[in-house]
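Below: the structure, in structure tokens.
A short reminder: the numbers here are calculations on the coordinates, not readings from a lab. Predicted model only: the values in this text are computed from it and were never measured. Positions of Cβ are generated from backbone atoms using ideal geometry, with glycine treated the same way; all protein chains shown enter the neighbour counts.
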Amino acid sequence: MSGACQGKPNNPPTHGQPFWLLAEVTYRCPLQCPYCSNPKDFASYNNQELTTQQWIDVFEQGRKLGAVQLGFSGGEPIVRQDLNELIGAGRELGYYTNLITSGVGLTEEKIKSFKKSGLDHIQVSFQASDESVNSLISGSKKAFQQKLAMAKEVKANGYPMVLNFVTHRHNIDRIDKIIELCVELKADYVELATCQYYGWAVDNLHQLLPTQEQLARAERITNEYREKLAAEGNPIKLIFVTPDYYEERPKACMNGWGQIFLTVTPDGTALPCHSARMLPIEFPNVTEHSLESIWNQSQGFNHFRGYSWMKEPCASCDEKEKDFGGCRCQAFMLTGDANNTDPVCSKSEHHDKILSAREQAKTDPQTPFLYRNEKNSRQYADNIIATS
Ligand code: FES
């Protein structure tokens with residue numbers, strides 16, 4: 001491992017420590033959700049996963065840098081046979097450890113052994129409140145019952161029940177049923193997160209983006225349930241996340257580029273956000289560089305730190321310290337230039353892209369879902385090679 005990454009930063013580093021270390025331990029997953037945020041050519045990396053010891057080295061270096069939260073995600077992290085060992089190593093180093101899972105592949109025994117290894121938190125994701133939509137989205141007929149059973153098992157093992165539902169035009173009208181299922185499961189925290197458009201979701205935008213009316217109705221119903229459940233003394237927390245596409249100002253993505261978040265992909269590439277791999281920027285790999293040099297000195301992490309990279313209207317905007325110009329990946333996907341203002345912002349000259357997506361959402365999608373799976377991913381990888 002060399003001491004420093006090559007590359008001259010184009011901004012002075014203005015950052016502290018990475019609080020959040022996200023270990024994307026694998027891109028492999030038994031499900032095929034059409035909104036998966038993994039890179040579209042994920043299959044190219046399936047034989048390049050870091051070893052157990054390489055991951056533990058990354059965790060040690062992360063703690064030295066000041067990271068306190070360690071997330072295990074993927075793909076489906078449970079497909080890693082060494083997950084229990086990785087959890088134990090993370091906990092021993094003093095991290096607060098968090099498993100983000102679809103619940104598929106989870107068993108009562110695994111939950112018990114994760115608990116014994118010190119896992120602090122488990123989040124189970126659902127595709128819908130009913131079996132048929134869940135099967136349609138996940139591509140698995142068995143997934144729904146498995147998720148129900150595992151969500152109950154997580155709670156039975158003394159964990160808070162933390163559920164995540166990705167909502168979109170095919171399930172958002174059943175938000176009441178989703179909330180009722182969560183109440184039935186005695187959930188403690190529920191994230192009702194409207195799909196964001198990264199990875200595979202970009203190609204399925206028209207299939208997934210709800211209309212403004214659908215979104216407003218879902219938010220109203222969620223608020224009504226919040227009041228009703230609070231009046232009944234139910235402590236459940238319903239967190240409603242609106243999609244960027246219906247905002248007029250961009251989000252402060254990742255709390256600012258390279259400020260608190262560091263993700264390491266299955267093959268060891270270190271990124272300031274889970275989508276940055278698509279950007280025309282060179283990102284360092286933990287097998288070649290220390291995490292300290294990656295965080296503090298690499299060109300990839302310094303690229304959008306500070307404000308000097310900004311163009312107008314961000315450069316003179318009095319909100320730039322609040323939203324940092326929005327999401328670099330979204331700017332790149334929608335305008336072809338990651339230095340541009342995120343088109344979600346109504347001040348962006350590309351905001352019409354967001355407005356036309358909203359208009360398109362009013363019409364029925366004519367195309368079928370493009371599912372995340374090995375075959376589709378290989379086709380992407382072939383296209384990338386053919387066009388480069
Ligand atoms: Fe990459 Fe927003 S997802 S900067």
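Any idea which residue in the stretch 313-335 is surrounded by the most Cβ atoms within 10 Å (Cβ to Cβ), counting only those that are farther than 18 Å from ASP352 by Cα and away from the ligand (no atom under 12 Å from the Cβ)?
In the first step, residues of the stretch 313-335 are kept if they are farther than 18 Å from ASP352 by Cα; the result is 315-324.
If we keep only those that are away from the ligand (no atom under 12 Å from the Cβ) too, we end up with 315-322.
On the way: ALA315: 13, SER316: 8, CYS317: 18, ASP318: 6, GLU319: 15, LYS320: 16, GLU321: 10, LYS322: 10.
My answer is CYS317.
Do we have SER129 as in a strand (DSSP E or B), surrounded by 20 or more Cβ atoms within 10 Å (Cβ to Cβ) and free of Cβ contacts under 8 Å to residues at least 60 places away in the same chain here?
In short, no.
Which of the residues belonging to the stretch 27-72 are within 29 Å of ASN134 (Cα to Cα) and basic (Lys, Arg)?
Of everything in the stretch 27-72, those that are within 29 Å of ASN134 (Cα to Cα) and basic (Lys, Arg) turn out to be ARG28, LYS40.
If I filter the stretch 257-279 down to residues being within 13 Å of the chain's Cα centre (by Cα) and of a type in the set (S, T, N, Q), which single residue comes out as farthest from the ligand (Cβ to nearest atom)?
THR265
Go through (1) surrounded by fewer than 17 Cβ atoms within 10 Å (Cβ to Cβ); (2) under 30 Å from GLN360 (Cα atoms) one by one and return the number of the condition LYS142 breaks.
Checking LYS142 against (1) surrounded by fewer than 17 Cβ atoms within 10 Å (Cβ to Cβ); (2) under 30 Å from GLN360 (Cα atoms), the one that fails is (2).
Could you tell me which residue of the stretch 280-290 is farthest from the ligand (Cβ to nearest atom), considering only residues that are without any contact (Cβ under 8 Å) to a residue 60 or more places away in the chain and more than 23 Å from ILE56 (Cβ to Cβ)?
Step one: filter the stretch 280-290 for residues without any contact (Cβ under 8 Å) to a residue 60 or more places away in the chain, giving 280-281, 283, 285.
Imposing the further condition that a residue be more than 23 Å from ILE56 (Cβ to Cβ) reduces the set to 280-281.
Values: PRO280: 13, ILE281: 11 Å.
The residue in question is PRO280.
Does GLY306 satisfy the condition of being under 18 Å from MET254 (Cα atoms) and in contact with an Asp or Glu (Cβ under 8 Å, 6 or more places away or on another chain)?
So GLY306 does not fit the description; no.
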